[in-house]
Amino acid sequence: QVQLVESGGGLVQAGDSLRLSCAVSGRTFTSLAMAWFRQVPGKERSIVAGIDSSGGGTFYTNSVKGRFTIIRDNAKSTVYLEMNQLEPDDTAVYYCAAAVSRRATRLNEYSYWGQGTQVTVSS
């Protein structure tokens, strides 16, 4: 069974940086497209950033372009989300997700999910 374990959330001030990590086990990591989603109470979970199984392609939601970077380390079976210039609107629970696919851009393509980690950005 594929397991995703996230870490790195916390409480920061606007303008600060955080790095989220997601360690994956149970399946060949290079067979998985990976992504980070986020969700706030009362809203649907939405994709923040994604990366192809090879690491050759990435995509971001518009609101985080230029501030967030998704990276995968295939040797460590880990995907990271580096978040810079954090804003209060980035406050959410962040989820790591995996899809058995080369590339996946939609929520319903992702079969495996982490437990979520809270990121809170104060103004």
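The values are calculated or read from the model by the stated rules, or taken from the named source; none is laboratory data. The structure displayed is predicted, hence computed values, not measured ones. Because the Cβ atoms are built from the backbone with ideal geometry, glycine has one as well, and the counts that use them run over all protein chains shown. Just the protein is used for accessible areas: all its heavy atoms, side chains included, with ligands, DNA and RNA removed. Shrake-Rupley method; radii C 1.70, N 1.55, O 1.52, S 1.80 Å.
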Specify the residue that is least open to solvent (accessible area, probe 1.4 Å); the eligible residues are those in region 37-54 that are in contact (Cβ under 8 Å) with a residue 40 or more places away in the chain and of a type in the set (A, V, I, L, M).
-> V48
In region 1-38, which residues are closer than 17 Å to F68 by Cα, more than 16 Å from the chain's Cα centre (by Cα) and not aliphatic (A, V, I, L, M)?
-> Q13, G15, D16
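Residues checked against (1) at pLDDT 95 or above; (2) among the hydroxyl-bearing types (S, T, Y); (3) open to solvent by 50 Å² or more (accessible area, probe 1.4 Å):
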site: V2; (1), (2), (3): no, no, no
site: G8; (1), (2), (3): yes, no, no
site: L11; (1), (2), (3): yes, no, yes
site: L18; (1), (2), (3): yes, no, no
site: S21; (1), (2), (3): yes, yes, no
site: T30; (1), (2), (3): yes, yes, yes
site: A35; (1), (2), (3): yes, no, no
Which residues, taken from region 79-119, are open to solvent by 50 Å² or more (accessible area, probe 1.4 Å) and within 20 Å of S63 (Cα to Cα)?
-> E82, N84, Q85, E87, P88, D89, T105, R106, L107, Q118
